[in-house]
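Trainee: So that we are looking at the same thing, I have put the structure below in structure tokens.
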Amino acid sequence: MLSFYLSLASLPEEKSKIEEIYYKYRKLIYHIAYSKLQKREWAEDALHDVMLAVISNIGKLQQMNEKDTKAFLYIITRNVAVDLLRKEQRRVAADMEEIPISGGVDPQQDLGVQVLAHCIAQLKPIYRDVLELTVYYGFSAKECASLLKISSVTVRKRLERARALLKEQMKEEELYVG
Amino acid sequence: MLDESKLYDAFSQYTQFVASRLPKEEDLQEISFSPRFEERMERLLQRQKRFYYPLINTMLKRVACIASAVLVSGSAVALSVYSNQKEESYFNVRNFSENGVYVHFFNIDLPYETTKDPITPKVPSYLPEGYFLKEDRSEPRKVELIYEGEGTDCFYYAQYGNSSDAQAYAEDALCERIRVGEYEGYLLKSESCTHLIFNDGEYLYQLNGTLTEEEMFKVAESIQ
């Protein structure tokens, strides 16, 4: 199976990066997908689709460190799983998961960043994902649309909404924090 | 207005935490993938080994560069084409997979890789309206160009030393023998993609993309 993924990359170093990602994260991707889909076949399909996304974006992935790669794969896998569930015409929970930020605050970051990070964690995944992919990972709206299997218009709308929600939450948090 | 640098730092912190909360690979149990899945990947591997896969995958969004082979019976899987005495190469159509057709064009009359000398580049002098050269991936023994048109329209052109081969894979496509000028080749076409391969006795040429058949031939005939 790995050789299939290698063939999609065009440069030797890209192929080795894909190989590295595949061997290192395939169980994780499968685990995340299976936890959402609860079906082996669907989880395998999800793994396949995630690797296609990896190959399509290998240029950016080569520049990511391990934690960024892991978080990126988590976003993609979760969205692929949502997409697969939709195709099976099953209802999808609005918030499939939430990993609370509390307890993970970096004391070396200033308070504003900490508050903002907390607000980011409170966002719904559909808003957080587009913002994270564009602001943090540097994908364009078009690339984001391709990754998440939505239209560019939807990406832009969600970005606007995400920023608006963050601003509202920041105001509330800052009032609370004082 | 959100401070973009703070937003970036906040996401950095958030992703750090997300990554730390995800299970490590070594903590996850081993997975045994289904034979169907493994097989599916292997088939896809053959198809996507082609050098032009990044083009069809990224630019044409899964436009399958197609080949539809002529059906063969039983044990006979090859369909040979002999050119006239002036031409020293022919094409074989063979190798079929379950979900589509895999066509292999190669030259068996010339020794493999007789020379390492650079080839004399030949490029199309005609481009359909709106098309421009997007990317040049040429090497000393291969010309490889990607042209873009409007929207997702694009096509790929390659020129190889005559000892090279070319392969294509397609589903639900038609395959026919054709001539580009005086040279024989094959045209493979489906609803969404056209693929043209021909040999002029010196080099092997390959074109594939969203051009119409008429435009594909015009481009091919303008190669000089």
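Trainee: Among the residues of the stretch A:160-170, are any in contact with an Asp or Glu (Cβ under 9 Å, 6 or more places away or on another chain), more than 11 Å from chain B (Cβ to nearest Cβ), part of a helix (DSSP H, G or I) and at pLDDT 85 or above?
Mentor: No, the stretch A:160-170 contains no residue that is in contact with an Asp or Glu (Cβ under 9 Å, 6 or more places away or on another chain), more than 11 Å from chain B (Cβ to nearest Cβ), part of a helix (DSSP H, G or I) and at pLDDT 85 or above.
Trainee: Within the stretch A:78-85, is even one residue surrounded by fewer than 18 Cβ atoms within 10 Å (Cβ to Cβ), modelled with pLDDT under 90 and closer than 23 Å to residue B:23 by Cβ? Talk me through it step by step, then tell me what you get.
Mentor: Just the residues of the stretch A:78-85 that are surrounded by fewer than 18 Cβ atoms within 10 Å (Cβ to Cβ), to begin with: A:83.
Add one more test, that the residue is modelled with pLDDT under 90, and what stays is A:83.
Retained after the next criterion (residues that are closer than 23 Å to residue B:23 by Cβ): A:83.
Checked against the condition, which is being surrounded by fewer than 18 Cβ atoms within 10 Å (Cβ to Cβ), modelled with pLDDT under 90 and closer than 23 Å to residue B:23 by Cβ, the stretch A:78-85 yields at least one hit.
Trainee: Another question, then. If I filter the stretch B:26-39 down to residues being under 35 Å from the mean Cα position of the chain (by Cα) and outside any loop (DSSP other than H, G, I, E, B), which single residue comes out as surrounded by the most Cβ atoms within 10 Å (Cβ to Cβ)? It would help to see each step written out before you state the result.
Mentor: If we filter the stretch B:26-39 for residues that are under 35 Å from the mean Cα position of the chain (by Cα), which is where we start, we get B:31-39.
After this cut, where a residue has to be outside any loop (DSSP other than H, G, I, E, B) as well, the list is B:35-39.
On the way: B:35: 8, B:36: 10, B:37: 17, B:38: 13, B:39: 12.
Applying the filter and picking the extreme gives B:37.
Trainee: Out of the stretch A:130-140, which residues are out of contact with any Lys or Arg (no Cβ under 6 Å at 6 or more places or on another chain) and away from chain B (no Cβ under 11 Å)? Break it down into steps so the answer makes sense when it comes.
Mentor: Going through the stretch A:130-140, the residues out of contact with any Lys or Arg (no Cβ under 6 Å at 6 or more places or on another chain) turn out to be A:131-140.
The answer is A:139, A:140.
Trainee: Something else now. Looking at residue B:199 and the list (1) over 15 Å from residue B:144 (Cα atoms); (2) in contact with a helix residue (DSSP H, G or I) (Cβ under 9 Å, 6 or more places away or on another chain), which single condition is not satisfied?
Mentor: (2)
Trainee: Among A:3, A:7, A:16, which is at pLDDT below 75 and away from chain B (no Cβ under 11 Å)? Step through it out loud before you land on a result.
Mentor: Numbers: A:3 fails: away from chain B (no Cβ under 11 Å); A:7 fails: away from chain B (no Cβ under 11 Å).
One residue alone meets the criteria, A:16.
Trainee: Condition test on residue B:145, is it modelled with pLDDT of 80 or more, hydrophobic (A, V, I, L, M, F, W, C) and out of contact with any Pro (no Cβ under 9 Å at 6 or more places or on another chain)? Give the derivation first.
Mentor: On the way: modelled with pLDDT of 80 or more: yes; hydrophobic (A, V, I, L, M, F, W, C): yes; out of contact with any Pro (no Cβ under 9 Å at 6 or more places or on another chain): no.
Against the criterion (modelled with pLDDT of 80 or more, hydrophobic (A, V, I, L, M, F, W, C) and out of contact with any Pro (no Cβ under 9 Å at 6 or more places or on another chain)), residue B:145 does not qualify.
Trainee: Can you pull out every residue in the stretch B:189-201 that is at pLDDT 80 or above and of a type outside the set (Val, Ile, Thr)?
Mentor: B:195, B:196, B:198, B:199, B:200
Trainee: Name every residue in the stretch B:175-204 that is more than 12 Å from the chain's Cα centre (by Cα) and either assigned to a loop (DSSP other than H, G, I, E, B) or hydroxyl-bearing (Ser, Thr, Tyr) (or both), in order of residue number.
Mentor: Matches in the stretch B:175-204: B:181, B:182, B:183, B:186, B:190, B:191, B:192, B:200, B:201, B:202, B:203.
Trainee: Among B:138, B:97, B:164, which is the only one that is of a type in the set (S, T, N, Q), modelled with pLDDT under 60 and out of contact with any helix residue (DSSP H, G or I) (no Cβ under 7 Å at 6 or more places or on another chain)?
Mentor: Numbers: B:138 fails: modelled with pLDDT under 60; B:97 fails: out of contact with any helix residue (DSSP H, G or I) (no Cβ under 7 Å at 6 or more places or on another chain).
Only one candidate passes the filter, namely B:164.
The values are calculated or read from the model by the stated rules, or taken from the named source; none is laboratory data. It should be emphasised that the depicted structure is a prediction, and the values quoted were computed from it without experimental measurement. All Cβ positions, glycine included, derive from the backbone under ideal geometry; neighbour counts span all protein chains shown.
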